[in-house]
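Q: One structure, as structure tokens, below. Some questions next.
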Amino acid sequence: YYEHVGLTNMETYCYKIRAYNNSNSITSTSNESCQLADQPGQPQFVYLKTATINDDNHVLLTIYTDTSAYISEFQIMRSTDLSGPFVQIGTIPGGNNEPILNYHDYSVNVKTTSYVYHVIVIDSCDRAALTSNNGKTILCSAEALDDLTNKISWTDYEDWQGSVFFYNIYRSIDGLPNPLPIATVPYGTNSFIDDVQNYTMTEGEFSYWIEAVEGMGNSYGFVDTSLSNQADAMQLPRFFVPNAISPKGLNNIFNATGVFLDSDDFTFMIFSRWGEVIFETSDPNDYWDGKINGNWAPEGVYVYYFRFKSTQGKFFEKRGSVTVIY
């Protein structure tokens with residue numbers, strides 16, 4: 001066995017074997033075999049266009065490749081840190097002559113972890129010829145605050161040639177997404193406070209996701225985007241009950257004021273001092289006007305009872321007293 005290295009591409013090399021006896025007086029020569037050193041062209045580039053969250057449950061990689069070279073396969077490498085270590089999670093076979101390739105990674109938890117990917121090109125000789133840039137996904141989180149705001153935070157996307165230009169912030173309320181971003185912030189901003197006090201009549205279910213937009217300067221002419229996971233912020237219900245009613249005055253109705261409530265399974269009752277039910281409704285917009293069977297209720301203290309449900313399906317009860325004043 002002999003391996004001839006350092007050949008010149010597209011040159012023809014001929015070989016034959018000659019055997020000698022111990023005294024070199026007798027020889028035997030084989031036939032001649034010629035071979036053209038035709039090495040396929042080596043790949044000149046591989047570029048990871050984007051790593052993005054797809055369907056909020058997996059990562060989609062989009063890869064730009066050199067179709068002029070013979071490629072055995074593309075190895076998909078993944079880590080949870082830019083510095084590695086990277087492990088191979090899959091391959092894409094070469095030879096399809098498609099400049100854009102896609103790879104779907106379902107073995108991830110996009111709600112909790114940001115992932116880093118790159119691609120290794122394996123040439124016709126089964127050697128690693130090129131390694132792409134990294135692509136790091138965006139991890140988004142959201143938190144409902146007590147002041148009727150939601151705080152959204154996210155990690156940066158890395159690593160486009162054109163870098164990140166800006167981030168778009170998208171929102172869904174009670175499962176209804178807004179197709180337009182609620183805000184756009186420059187690169188370097190990684191949090192946003194969303195004031196939701198104008199949406200207190202909703203059920204309080206807010207979801208957010210981030211879109212990174214690439215800037216100019218990509219040598220391949222791409223301007224790509226990458227989406228984060230969707231992060232939920234659940235505003236808890238708030239319930240406010242007055243302590244008095246003046247049926248013939250300005251404060252002539254009695255009901256609670258609630259925000260972020262489920263309108264189903266609502267109960268509101270008023271009891272007399274002897275425990276008799278004098279008012280009852282299941283309509284959260286209904287109220288007691290201070291009357292009993294059409295007559296003004298006597299001055300004094302009455303007992304109220306509220307039962308309501310949060311958007312998460314949890315029931316709450318509130319009891320207390322209300323004073324009728326004339």
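The values are calculated or read from the model by the stated rules, or taken from the named source; none is laboratory data. In this text, all values refer to a predicted model and were calculated from it rather than measured experimentally. Ideal geometry is used to build each Cβ from the backbone, glycine not excepted, and the neighbour counts take in all protein chains shown. Each accessible area value is taken on the protein alone, full model and side chains, heavy atoms only, with ligands, DNA and RNA left out. Shrake-Rupley method; radii C 1.70, N 1.55, O 1.52, S 1.80 Å.
Q: On the basis of being open to solvent by 40 Å² or more (accessible area, probe 1.4 Å) and over 23 Å from GLN161 (Cα atoms), does ASN102 make the cut?
A: no
Q: Which of the residues spanning the stretch 116-131 are open to solvent by 20 Å² or more (accessible area, probe 1.4 Å) and closer than 19 Å to LEU82 by Cα?
A: Result: HIS118, ILE120, LEU130, THR131.
Q: May I pose another question? Among the numbered criteria (1) surrounded by 12 or more Cβ atoms within 10 Å (Cβ to Cβ); (2) within 41 Å of the chain's Cα centre (by Cα), which single criterion is violated by ASP55?
A: (1)
Q: Inside the stretch 198-221, can you point out the residues that are closer than 22 Å to GLY258 by Cβ and surrounded by fewer than 16 Cβ atoms within 10 Å (Cβ to Cβ)?
A: Listed by number, the residues that qualify are ASN198, MET201.
Q: Being more than 30 Å from VAL108 (Cα to Cα) and open to solvent by less than 80 Å² (accessible area, probe 1.4 Å), is that true of even one residue in the stretch 222-237?
A: yes
Q: Going through TYR157, TYR199 one at a time, which residue ends up being in contact (Cβ under 8 Å) with a residue 24 or more places away in the chain, of a type in the set (Ser, Thr, Tyr) and under 20 Å from THR112 (Cβ atoms)? Let's see the steps before the verdict.
A: On the way: TYR199 fails: under 20 Å from THR112 (Cβ atoms).
Result: TYR157 is the single residue among TYR157, TYR199 that is in contact (Cβ under 8 Å) with a residue 24 or more places away in the chain, of a type in the set (Ser, Thr, Tyr) and under 20 Å from THR112 (Cβ atoms).
Q: A further question follows. Within the set of pairs 6 or more residues apart or between chains, which connect a residue that is on the phi > 0 side of the Ramachandran plot and of a type outside the set (A, V, I, L, M) inside the stretch 217-240 to a residue that is crowded, with 19+ Cβ neighbours inside 10 Å and not in a strand (DSSP E or B) with Cβ atoms less than 9 Å apart?
A: GLY217/TRP160
Q: Specify the residue that is modelled with the lowest pLDDT; the eligible residues are those in the stretch 249-260 that are in a loop (DSSP other than H, G, I, E, B) and over 20 Å from SER321 (Cβ atoms).
A: Residues of the stretch 249-260 in a loop (DSSP other than H, G, I, E, B): 249-253, 255-256, 260.
Filter again for over 20 Å from SER321 (Cβ atoms), leaving 250, 260.
On the way: LEU250: 90, PHE260: 83.
So the residue we want is PHE260.
Q: Here is a further query. SER263 passes all but one of (1) assigned to a strand (DSSP E or B); (2) open to solvent by less than 70 Å² (accessible area, probe 1.4 Å); which number fails?
A: (2) is the only condition that SER263 fails.
Q: Shifting gears a bit: Give the residue that is farthest from the chain's Cα centre (by Cα), with candidates limited to residues of the stretch 266-305 that are closer than 28 Å to PRO237 by Cβ, free of Cβ contacts under 8 Å to residues at least 24 places away in the same chain and in a strand (DSSP E or B).
A: Among those that are closer than 28 Å to PRO237 by Cβ, free of Cβ contacts under 8 Å to residues at least 24 places away in the same chain and in a strand (DSSP E or B), it is VAL277.
Q: Follow-up question, since we're still on this one. Go through the stretch 103-205 and tell me which strands (runs of 3 or more DSSP E), entirely inside it, have 1 or more residues that are of a type outside the set (A, V, I, L, M, F, W, C) and touching a helix residue (DSSP H, G or I) at 6+ places or on another chain (Cβ under 9 Å). Quick ask: steps written out before the conclusion?
A: Numbers: elements: 116-123, 128-131, 140-144, 149-154, 164-173, 183-186, 191-195.
Here the list reads 149-154.
Q: While we're here: Condition (residue is more than 24 Å from the chain's Cα centre (by Cα) and of a type in the set (D, E, K, R)) applied to the stretch 22-37: is it met by at least one residue?
A: Taking the stretch 22-37 first, the residues more than 24 Å from the chain's Cα centre (by Cα) are 22-37.
Then drop every residue that is not of a type in the set (D, E, K, R), which leaves 32.
Among the residues of the stretch 22-37, at least one is more than 24 Å from the chain's Cα centre (by Cα) and of a type in the set (D, E, K, R), which makes the answer yes.
Q: Determine whether the stretch 184-197 contains at least one residue that is surrounded by 18 or more Cβ atoms within 10 Å (Cβ to Cβ) and among the β-branched types (Val, Ile, Thr).
A: Within the stretch 184-197, the first condition is being surrounded by 18 or more Cβ atoms within 10 Å (Cβ to Cβ), and the residues that meet it are 192, 194, 196.
Of the ones still in play, those that are also among the β-branched types (Val, Ile, Thr) are 196.
Yes, the stretch 184-197 has at least one match.
Q: Within the stretch 206-227, which residues are among the hydrophobic types (A, V, I, L, M, F, W, C) and either in contact with a Leu (Cβ under 7 Å, 6 or more places away or on another chain) or not in a loop (DSSP other than H, G, I, E, B) (or both)? Outline the logic, then answer.
A: Kept after step one, since they are among the hydrophobic types (A, V, I, L, M, F, W, C), are these residues of the stretch 206-227: 206, 209-210, 212-213, 216, 222-223, 227.
The answer is PHE206, TRP209, ILE210, ALA212, VAL213, LEU227.
Q: Out of LYS309, LYS318, which single residue is part of a strand (DSSP E or B), open to solvent by less than 50 Å² (accessible area, probe 1.4 Å) and more than 30 Å from GLU211 (Cβ to Cβ)?
A: Details: LYS318 fails: open to solvent by less than 50 Å² (accessible area, probe 1.4 Å).
Just one listed residue meets the conditions, LYS309.
Q: Using the structure shown, decide if ALA256 is open to solvent by less than 60 Å² (accessible area, probe 1.4 Å), among the small types (Gly, Ala, Ser) and under 24 Å from the mean Cα position of the chain (by Cα). Can you show your working first?
A: Working: open to solvent by less than 60 Å² (accessible area, probe 1.4 Å): yes; among the small types (Gly, Ala, Ser): yes; under 24 Å from the mean Cα position of the chain (by Cα): no.
So ALA256 does not fit the description; no.
Q: Would you be able to tell me the number of residues in the stretch 63-81 that are open to solvent by less than 20 Å² (accessible area, probe 1.4 Å) and either in contact with an Asp or Glu (Cβ under 9 Å, 6 or more places away or on another chain) or without any contact (Cβ under 8 Å) to a residue 60 or more places away in the chain (or both)?
A: The initial filter retains those residues of the stretch 63-81 that are open to solvent by less than 20 Å² (accessible area, probe 1.4 Å), namely 63, 65-66, 69, 71, 74, 76, 79.
Still in the list and also either in contact with an Asp or Glu (Cβ under 9 Å, 6 or more places away or on another chain) or without any contact (Cβ under 8 Å) to a residue 60 or more places away in the chain (or both): 65-66, 69, 71, 74, 76, 79.
Going through the stretch 63-81 one residue at a time, the tally reaches 7.
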